[in-house]
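Visitor: Below is a structure I'd like to ask you about.
The values are calculated or read from the model by the stated rules, or taken from the named source; none is laboratory data. Note that the structure is a prediction, hence the values are computed from the model and not measured. A quick note on method: Cβ atoms are made from the backbone with ideal geometry, for glycine too, and the neighbour counts reach across all protein chains shown.
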Amino acid sequence: MKDMEISRVNLDPQPILFIQRKFDQADLQKHMAECFGKLFAHGMQQGLAIAGQPMARYVSIGPGLWTVDFVLPLSAPAEPVDDMQSGSLEGGEVVKGVHYGPYEALQESYIAIESWLEKEGLTPRAANWEQYMTSPAEIPDTAQWRTDIYWPVKVR
């Protein structure tokens, strides 16, 4: 794993279409594949202006069930349909961490980000999200995978 890149950035709110699921952590990959497939198929069929790579917003992570939004970023708002909801990602100041390597090593990056937040005196203000910049189907070498982690923070 490469050294962790962590910075503060200011984001505009991002229109999204998302599917929220509540499940056991062990089922994350199953839900991710199902929801991203459904979102991208809908986006392509409807001609939506897709504005980037897929994301997962971690609404609630506990020792039991997790609540996760599987997100399709858009250039403009879209109408909700079936279990797909319309919304937006938090704008404003966020901490961005760039993780290189397999998804199984993401915990190390979260530890680095949380330590950095504490050192900088920053407090999260909303759910964090991950954007999967590399497609495992296109690049099978996990060492080359890139995941951007975003965490909205309170500004003093």
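Visitor: Exactly one of (1) part of a strand (DSSP E or B); (2) under 14 Å from the mean Cα position of the chain (by Cα); (3) surrounded by fewer than 12 Cβ atoms within 10 Å (Cβ to Cβ) is unmet by Gln29. Its number?
Guide: Every listed condition holds for Gln29 apart from (1).
Visitor: What number of residues within region 83-111 satisfy the criterion of being assigned to a helix (DSSP H, G or I) and either closer than 25 Å to Asp12 by Cα or within 16 Å of the chain's Cα centre (by Cα) (or both)?
Guide: We begin by selecting, within region 83-111, every residue assigned to a helix (DSSP H, G or I); these are 103-111.
Remaining after also requiring either closer than 25 Å to Asp12 by Cα or within 16 Å of the chain's Cα centre (by Cα) (or both): 103-107, 109-110.
Residues in region 83-111 being assigned to a helix (DSSP H, G or I) and either closer than 25 Å to Asp12 by Cα or within 16 Å of the chain's Cα centre (by Cα) (or both): 7 in total.
Visitor: Is there a residue in region 76-88 that is in contact (Cβ under 8 Å) with a residue 24 or more places away in the chain, in contact with a Lys or Arg (Cβ under 9 Å, 6 or more places away or on another chain) and under 19 Å from Gln20 (Cα atoms)?
Guide: Looking only at region 76-88, we keep the residues that are in contact (Cβ under 8 Å) with a residue 24 or more places away in the chain, and these are 76-78, 80-81, 83-88.
Narrowing further to those that are in contact with a Lys or Arg (Cβ under 9 Å, 6 or more places away or on another chain): 83-84.
Imposing the further condition that a residue be under 19 Å from Gln20 (Cα atoms) reduces the set to 83-84.
Among the residues of region 76-88, at least one is in contact (Cβ under 8 Å) with a residue 24 or more places away in the chain, in contact with a Lys or Arg (Cβ under 9 Å, 6 or more places away or on another chain) and under 19 Å from Gln20 (Cα atoms), which makes the answer yes.
Visitor: On to the next question. Answer with yes or no whether Arg8 is among the charged types (D, E, K, R), surrounded by 11 or more Cβ atoms within 10 Å (Cβ to Cβ) and within 16 Å of Tyr58 (Cβ to Cβ).
Guide: It is false that Arg8 is among the charged types (D, E, K, R), surrounded by 11 or more Cβ atoms within 10 Å (Cβ to Cβ) and within 16 Å of Tyr58 (Cβ to Cβ).
Visitor: Let me ask another. Of everything in region 15-35, what is more than 24 Å from Glu114 (Cα to Cα) and in contact (Cβ under 8 Å) with a residue 12 or more places away in the chain? Give them in sequence order.
Guide: Of everything in region 15-35, those that are more than 24 Å from Glu114 (Cα to Cα) and in contact (Cβ under 8 Å) with a residue 12 or more places away in the chain turn out to be Pro15, Ile16, Leu17, Phe18, Ile19, Gln20, Arg21, Lys22, Phe23, His31, Met32, Cys35.
Visitor: Let me ask you something else. Of these, Ser86, Ser75, which one is modelled with pLDDT of 95 or more, among the small types (Gly, Ala, Ser), surrounded by 11 or more Cβ atoms within 10 Å (Cβ to Cβ) and under 21 Å from Ser135 (Cβ atoms)? Steps first, please.
Guide: Values: Ser86 fails: under 21 Å from Ser135 (Cβ atoms).
The match here is Ser75.
Visitor: Is it the case that Ile113 is at pLDDT 95 or above, out of contact with any helix residue (DSSP H, G or I) (no Cβ under 8 Å at 6 or more places or on another chain) and among the hydrophobic types (A, V, I, L, M, F, W, C)?
Guide: Working: at pLDDT 95 or above: yes; out of contact with any helix residue (DSSP H, G or I) (no Cβ under 8 Å at 6 or more places or on another chain): yes; among the hydrophobic types (A, V, I, L, M, F, W, C): yes.
Yes.
Visitor: Ok, one more. From the set of residues in region 12-26 that are farther than 13 Å from Pro73 by Cα and touching a Leu at 6+ places or on another chain (Cβ under 9 Å), which is surrounded by the fewest Cβ atoms within 10 Å (Cβ to Cβ)? Please lay out each step first, then the result.
Guide: First, pick out the residues of region 12-26 that are farther than 13 Å from Pro73 by Cα: 20-26.
When the remaining residues are screened for being touching a Leu at 6+ places or on another chain (Cβ under 9 Å), the result is 22-25.
Details: Lys22: 12, Phe23: 13, Asp24: 10, Gln25: 12.
Here the answer is Asp24.
Visitor: Any residue in region 45-66 that's among the polar types (S, T, N, Q): show its pairings with residues that are exposed (fewer than 11 other Cβ atoms within 10 Å of the Cβ) at Cβ separation under 9 Å, as long as the two are six or more apart or on different chains.
Guide: Pairs found: Gln46/Glu79.
Visitor: Okay, next question. Within region 115-143, how many residues turn out to be of a type in the set (D, E, K, R), within 24 Å of Gln14 (Cα to Cα) and more than 15 Å from the chain's Cα centre (by Cα)? Can you show your working first?
Guide: Kept after step one, since they are of a type in the set (D, E, K, R), are these residues of region 115-143: 118-120, 125, 130, 138, 141.
Still in the list and also within 24 Å of Gln14 (Cα to Cα): 125, 130.
With the extra rule that they be more than 15 Å from the chain's Cα centre (by Cα), the set shrinks to 125.
Count: 1.
Visitor: Would you check which residues across region 118-141 are surrounded by 15 or more Cβ atoms within 10 Å (Cβ to Cβ) and either touching a Cys at 6+ places or on another chain (Cβ under 8 Å) or not in a loop (DSSP other than H, G, I, E, B) (or both) and list them? Before the answer, list the steps.
Guide: Kept after step one, since they are surrounded by 15 or more Cβ atoms within 10 Å (Cβ to Cβ), are these residues of region 118-141: 122, 124, 126-134.
Scanning region 118-141 gives Pro124, Trp129, Glu130, Gln131, Tyr132.
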